[in-house]
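Structure first, commentary second.
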Amino acid sequence: MSAILLIAFLTVTAFVWELIPLFKKGFIKDAMLYLVILMVGVYLSSCTILLFDLPSPMALLNIIFKPLLKGFAP
């Protein structure tokens with residue numbers, strides 16, 4: 001549980017340190033992209049700490065590149 005609290009603290013710190021100046025300078029698109037990437041990182045870190053079984057990203061790459069591999073294979 002302390003690891004989850006550490007991730008929450010680091011997320012709030014990153015929000016204050018990085019996002020608030022971006023919003024103040026008017027970089028709304030950059031701030032929103034940073035926020036999305038930050039939230040994905042928090043989600044994946046929390047899943048890792050809680051030992052959730054996440055699918056491998058290689059499955060998606062296999063689906064995408066399998067037709068290419070079949071086309072170039074002898």
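The values are calculated or read from the model by the stated rules, or taken from the named source; none is laboratory data. Nothing here was measured: the structure is a model prediction, and the numbers come from that model. Positions of Cβ are generated from backbone atoms using ideal geometry, with glycine treated the same way; all protein chains shown enter the neighbour counts. We work out accessible area using only protein heavy atoms, side chains counted, and drop any ligands, DNA or RNA first. Shrake-Rupley method; radii C 1.70, N 1.55, O 1.52, S 1.80 Å.
Points to keep in mind about this one:
- Computed about the Cα centre, the dipole magnitude for the chain is approximately 260 debye when only Lys and Arg (+1) and Asp and Glu (-1) carry charge, each at its Cβ.
- Counting only heavy atoms of the protein chains and using a 1.4 Å probe, Phe23 has close to 80 Å² of accessible surface.
- Å² per residue, accessible surface of the chain at 1.4 Å: 87
- Of the solvent-accessible surface of the chain, computed with a 1.4 Å probe and all protein chains present, 78% belongs to carbon and sulfur.
- Cβ-derived FRET efficiency at R0 35 Å, Val16 paired with Ala59, nearest 0.05: 0.45
- Gyration tensor (alpha-carbon) shape descriptor, the chain, a/c threshold 1.5: oblate
- The long axis of helix 2-14 is offset from the longest Cα principal axis of the chain by roughly 70 degrees.
- Per-residue ellipticity at 222 nm computed for the chain from its helices equals -24500 deg cm²/dmol, with DSSP H segments shorter than 4 residues left out and the rest contributing -39,500 (n - 2.57).
- When the surface is traced with a 1.4 Å probe over the full set of protein chains, Ile63 keeps roughly 120 Å² accessible.
- Modelled this way, with points 7 Å down the Cα-to-C-beta line, the labels at Ala3 and Ile49 are 0.8 nm from one another.
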